[in-house]
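Following: one structure in structure tokens, then a few remarks.
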Amino acid sequence: MLKAYKYRIYPNKNQEELITLHFGACRFVYNWALEQKIKTYQQNNKSISRFDLQRILVHEVKPSNEWLKKANSQALLVSLVNVESAFTKFFREKSGFPNFKSKKNPVQSYQIPQHYTVDFDRNVIKLPKLGEVEAVLHRRFEGEMKTATISRSNTGKFFVSILVDDGEEPPEKQEISESSTIGIDVGIKDFAVLSNGEKIENPKYLKNSLQRLKVLQKRVSRKQKGSKNRNKARHHLAKIHEIITSQRTNFQHQLSFRLISENQAIALETLNVKGMQKNHYLAQSISDAGWSSFITKLMYKAEWYGKIVLRIGTFEPSSKICNVCGYYNKELILEVREWQCPDCKTKHDRDINAAINIKKFSLQDQNLIVI
């Protein structure tokens, strides 16, 4: 299995300058390769291959740009691979045309495919062109090291993410039953409601920090553009956003691990999050909840531990159907949080009823999507 391990690194000033140079060099090569592919297709109606771009880069572009020689050559070649992958994804998955990279983006990164070492005893990572860099290696790993990604956050912190192949096969998925399956209905008021009746409160990290964010945003807007004071104010604002992101990520990791550990199968509803965010009254709350990232964590942890994720369709009326008798309440609106079934007289909590129905629908063969 492939797993990524992310560590904080502490480069010295010279190493920081070299890392910044690598960011610029890889960004330059990526944008150049993207431009060449666009021009070639417009002029010849054909695509230029990665190997042709590599030949032009080595024999024409690098000799005319001496500063590129200071960067690791393999890191530059990875940029060509990334351009090729972006186009392949665009044509196969229709995920959006590749964009040019901007140096104004506060989050920058570059990749190293090989020739780096990790010393857990000394808390040091040796990287090409940089030498030994101090790191906090809080987790050990065993296996074949693949690509290392060096990144800088919007608050100026440096990290390295190492992709490791541990050589193990994913555990076999066991048979599931109704008792070992749990349905989850995600929401805004309660982050998640389980089919066993448990409600997990939404921490609303962004909403709780809005007042402070508004103050810091005003300070940024009042500073002169390009001034050092504006950069300081932007840094303070970025730190608050980083704290919010870390809090949300930590909460989702703990919850997803608990749910995966306690159940053999997880039943979820397929949500069109981008479409839901077009509702301007709910867009901020939906973004604050982070449903997509939570579901992603559930899915890859299920793969790690041999569990199963079941998905039902986007348009299944999980909230409007009585889980006892199957009555369809087509008049139910979003504002109504509790309702009574007119047929069997059962009183329903809207969210718990939805979670139970998600579990029932997912276990039906015609609705079953196993991931």
Which value in nm describes the separation of the simple spin-label points at GLN217 and LEU21, placed 7 Å from the Cα toward the beta carbon? 4.0 nm
Under 5 Å, built H, 5+ apart or other chain: amide partners of ALA192: GLY187, ILE200
If R₀ is 41 angstrom, what is the calculated FRET efficiency for the pair ASP165 and SER227, using the beta carbon separation as r and rounding to 0.05? 0.30
Given H placed on each backbone N at 1.01 Å, which residues far from ALA267 in sequence or on other chains put an amide H within less than 5 Å of it? ILE182, GLY183, ILE184, LEU310
Leaving out same-chain residues fewer than 8 places away, which lysines sit with a Cα under 21 Å from that of LYS101? LYS37, LYS39, LYS62, LYS69, LYS70, LYS89, LYS157
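More than 23 Å apart: what percent of Cα pairs in the range 2-165 qualify?
43 percent
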Can you give me the Cα centroid spacing of the range 29-90 and the range 132-200 in angstrom? 33 Å
Per residue of the chain, what 222 nm ellipticity follows from adding -39500 (n - 2.57) for every DSSP H run with n ≥ 4, rounded to the nearest 500? -13500 deg cm²/dmol
Distribution output for the range 255-309: share of Cα-Cα pairs per 5 Å bin in percent, first bin at 0, values 4, 19, 26, 17, 13, 12, 7, 2
Computed ³J(HN,Hα) along the range 131-140: with the Karplus parameters 6.51/-1.76/1.60, θ = phi - 60°, integer Hz and x for glycine or proline, the list is x, 7, 10, 5, 8, 9, 8, 7, 10, 8
Could you give the length gained by full extension between MET145 and VAL81, i.e. 0.36 nm per residue of separation minus their alpha carbon distance, to one decimal place? 21.2 nm
Reviewing (1) 23.9; (2) 23.0; (3) 19.6, the figure for mean projected area of the Cα convex hull in nm² actually calculated from this model sits under (1)
With a 4.7 Å Cβ cut-off, tell me which Cys residues in the chain come up empty for a partner. CYS26
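Calculate, in nm to one decimal, what ASN105 and ILE56 gain on full extension: separation in residues at 0.36 nm each, minus their alpha carbon distance. Walk me through the numbers before you get to the answer.
On the way: separation 49, 0.36 × 49 = 17.64 nm, distance 2.75 nm.
Stretched fully, the ASN105-ILE56 segment lengthens by 14.9 nm.
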Run the dipole for the range 2-165 about the Cα centre, Lys and Arg Cβ at +1, Asp and Glu Cβ at -1, nothing else charged, and hand back the magnitude in debye, nearest 20. 480 debye
Residue order, fewest to most beta carbons within 10 Å, for GLU144, GLU16: GLU144, GLU16
In whole Hz, the Karplus estimates of ³J(HN,Hα) for the range 79-93 (6.51, -1.76, 1.60; θ = phi - 60°; x where Gly or Pro) are 4, 5, 4, 5, 5, 4, 5, 5, 5, 4, 5, 5, 6, 8, 10
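FYI, it's all coordinate maths here, none of it is from the lab. Everything numeric here is computed off the predicted structure, so don't read it as measured data. We place every Cβ from the backbone using ideal geometry, glycine too, and count neighbours over all the protein chains shown.
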